[in-house]
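The numbers here are math on the coordinates, done by the rules we state, and not lab data. Predicted model only: the values in this text are computed from it and were never measured. Note that we place each Cβ from the backbone using ideal geometry, even for glycine, and neighbour counts take in every protein chain shown.
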Amino acid sequence: MTEKQKAYLSLHFCVLIWGFTAILGRLIQVSALPLVWWRVVLCVGLLVWLVPVTQRRLIGGRQAVRLLGIGAMIGVHWICFYGAVKLSNASVAVASMAMTTLFASFTEPMILRRRIIWYELGLGILILPGMVLMVGDLDWGMQTGFGVGVLGAFIAAVFTAFNKREIDMNPPPPLAMSLYELSGAVLITTLSLLVVQPSLERIWPVGLDWAWLLLLAWVCTLLPHYLTLKAMRYISAFATNLTINLEPVYGVLLAMVIFQENKILPPNFYIGVVIVLVAVFSHPFLKRWLDRAV
């Protein structure tokens, strides 16, 4: 198995783990913004203990600032996603995040200073109807929530491209990179929390929330973040964003198993799944075929 194949396999494992975030979000009683704050704070707390000082010193001052900035974008992306859920509903939020792939088809070329690839733009457009069919009936009247979700999708495409640039230029150790980026997410979510919800009583987890938050932070956030940064050493930012569109597929299947939601899904869901699968799995084959043709 080549390093690129291992990277794709690792990324699919990450997306499967991210599928659990919707399950945990349903179990955790804390509201959206405090949930994001606890998520990143717990990650950073573990990383401070895990990352050796020697690895941290490999990241210079300028790169540290850039990584903190990327982390701030990651934090804003998560706030936008949960904000879209609150302002509209989960279906509209998931559909808006499908725009990430389309945005990635031109933000990555702009940031990495390469030409736009026609089949990436085509796959980015193809993923949109597939995602709409998967998430079911959408209330497009919830324009504010959809707009916030689209903003989050754009930010996701941008920070993924910046991550790819950092990895291509001077790749730091993935754990140390995660520490700086998630620290940036802590800073931006802390500022947001102080503005929106300054009362500490309303953010404190109770009962099993602690267990679910630890699982969300350490298994469903830190582990896939680390593995994704490693995978991006071998695959593009566009391929990363394209593969992440499988998260709703895994999320729905996991919900069916865990919560016994065995109701028959409408035919549109399966049509949407097929479209998303075609888009995701055709990308590496198209890339390999066209690279050979050049």
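Over the chain, what is the relative contact order in whole percent, taking alpha-carbon pairs under 8 Å and six or more residues apart?
Normalised by residue count, the contact order of the chain is 38 percent.
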Which of 99, 169, 134 moves the most in a Gaussian network model of the chain with Cα springs under 10 Å? 169
Ellipticity estimate at 222 nm from DSSP helix runs (n ≥ 4, -39,500 (n - 2.57)) divided over the chain, nearest 500: -25500 deg cm²/dmol
Among 144, 228, 100, residue whose mean-square fluctuation peaks in a GNM of the chain (springs only between Cα atoms under 10 Å): 144
Given DSSP loops and a limit of at most 13 other Cβ atoms within 10 Å, what is the longest stretch of the chain that contains no such chymotrypsin sites (Phe, Trp or Tyr not before Pro)? 1-139
